Amino acid sequence: MYDIVVIGGGPAGLTASLYAARAGKKVMLLESDAFGGQIATAPRVENFPSVKETSGAALANNMFEQVTSCGVEFDMGRASIHKTDGGFVVSTEYGRYECLAVVIASGVTHKSLDVEGEERLVGKGVCYCAVCDGGFYKDKHVCVVGDGNSAAQYALYLADICKEVHLLTMFDKLFCDKKLTDRISSDGRIEWIKNACVTEIVGDDCVSGAVYRDADGAVTYLDCDAVFVAIGQEPHNELFSEIVQSDGQGYIVAGEDCKTSCDGIFAAGDCRTKAIRQCATAVGDGAVAGINAARYVDGIKR
Ligand SMILES: Cc1cc2nc3c(=O)[nH]c(=O)nc-3n(C[C@H](O)[C@H](O)[C@H](O)COP(=O)(O)OP(=O)(O)OC[C@H]3O[C@@H](n4cnc5c(N)ncnc54)[C@H](O)[C@@H]3O)c2cc1C
């Protein structure tokens, strides 16, 4: 019997495990893909406090080593949760783990354009986060692809850093609040290319351009050093939908205390309803969820 099972080995889950273990709890950490989560795929991270510059993989590796050195057990597998009389059973393809409390830290994945060149050039000019990677393209030419709030915000953010910003939208309008649309339209630093369907990202070792088709079917090649894809993120909480409440987009409903609609289940990091999804906010959540899960367990044992 474990005190706490943590689902997801990204920054939030690793931090929740660290705090729970340091509070004296017996912890099992489960990961379905690769420990480290999204940050492990970031070539360079420059905004994580205390580390001036590092690779995401190195950051993730340090976190993982710190966590396992505290006695946290870990295993691979895609986890789901069932409530029992005494607590919960977390099951994966490979095992079954009884516990008193659960932290869900299942993160998100970014939606892809699914075009030629995209997957091959991830981390080599294909980016999904302007706040994370914008700094690497100072004074360079970049494209932003997307029609919503994120795309508009990415374009404005990048316009302060980059030499040239092209915003490519699928239709002739942005699906975001009017103020943002007005700012994009009037910002001389941003070229808004409407009715543009990106069909290819070009480059050998790194991005050198993007190809798009316009409403008349004409194909255009655009020189650029990076393509920022901002067509949304997807949480993957389907396995938990019967036990905790999610919002309309599939994010687990939980506030700053990381408590969910089910007593004893906590949600931390990108998988929960929140405004800013970053490594620093994920580890903040992990600390809160780890502490609150440990307190919940103490309450049961008392
Ligand atoms: C390319 C890239 C660059 C980035 N750069 C930066 C940056 O420079 N600075 C910054 O602050 N942020 C950056 N981010 C964002 C940052 O990585 C995320 O905000 C952070 O990783 C979120 O942590 P998390 O633990 O909540 O989720 P994730 O990192 O998404 O981790 C969730 C983990 O849970 C696992 N999982 C999901 N479902 C299950 C299940 N059912 N069972 C078991 N395991 C499961 C997943 O496999 C995953 O490993 C970047 C993101 C990307 C993609």
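The values are calculated or read from the model by the stated rules, or taken from the named source; none is laboratory data. Everything quoted here is computed from the prediction, not taken from an experiment. When the accessible area is computed, the model is the full protein with side chains, heavy atoms only, and any ligands, DNA or RNA have been set aside. Shrake-Rupley method; radii C 1.70, N 1.55, O 1.52, S 1.80 Å.
Some notes on this structure:
- Taking every DSSP bridge with both residues inside segment 154-302, close to 70 percent are antiparallel.
- Carbon/sulfur fraction of accessible area - segment 235-302, other protein chains in place, 1.4 Å, %: 51 percent
- Beta-bridge orientation, the chain: approximately 40 percent antiparallel, per DSSP, counting only bridges with both partners inside.
- Across q = 0.13, 0.14 Å⁻¹, the chain modelled as identical point scatterers on its alpha-carbon atoms has Debye log10 I(q)/I(0) values of -0.90, -0.99, in the order of the q list.
- All Cα-Cα separations within segment 202-302 were binned at 10 Å from zero, giving a P(r) of 13, 30, 20, 17, 13, 5, 1, 0, each value a whole percent of the pairs.
- Segment 233-290 and segment 146-194: distance between their alpha carbon centers, rounded to Å: 29 Å
- Highest mobility in the GNM of the chain, judged by mean-square fluctuation with C-alpha springs under 10 Å and restricted to 205, 85, 114, is found for 85.
- Per residue, in Å², the accessible surface of the chain once ligands and nucleic acids are set aside, probe 1.4 Å: 48 Å²
- The C-alpha atoms of the chain define a longest principal axis, and helix 11-22 lies at about 20 degrees to it.
- Set 140/178; 124/173; 26/83; 52/138 screened for pairs whose C-alpha atoms are more than 24 Å apart: 140/178; 124/173
- Carbon and sulfur %, accessible surface of segment 43-99 computed with the full protein complex present, 1.4 Å: 47 percent
- The GNM of the chain, with springs linking C-alpha atoms under 10 angstrom apart, assigns the highest mean-square fluctuation among 247, 204, 216 to 216.
- More than 15 angstrom apart: percent of Cα pairs within segment 183-248: 68 percent
- Rolling a 1.4 angstrom probe over segment 119-229 with all protein chains present gives an accessible area of which 48% lies on carbon and sulfur atoms.
- The heavy atoms of residue 63 offer some 20 square angstrom of accessible surface to a 1.4 angstrom probe.
- Counting 0.36 nm for each residue step from residue 238 to residue 175 and taking away their Cα separation leaves a gain of 20.0 nm.
- Selected from 259, 26, 178 as most flexible by GNM, with the chain as the system and alpha-carbon contacts under 10 Å: 178
- DSSP beta bridges in segment 119-229 [antiparallel fraction, %, rounded to 5]: 40 percent
- Ranked order, 161, 231 - accessible area, probe 1.4 Å, largest first: 231, 161
- The lysines whose alpha-carbon is closer than 24 Å to the alpha-carbon of residue 179, local same-chain residues fewer than 8 away aside, are 163, 194, 274.
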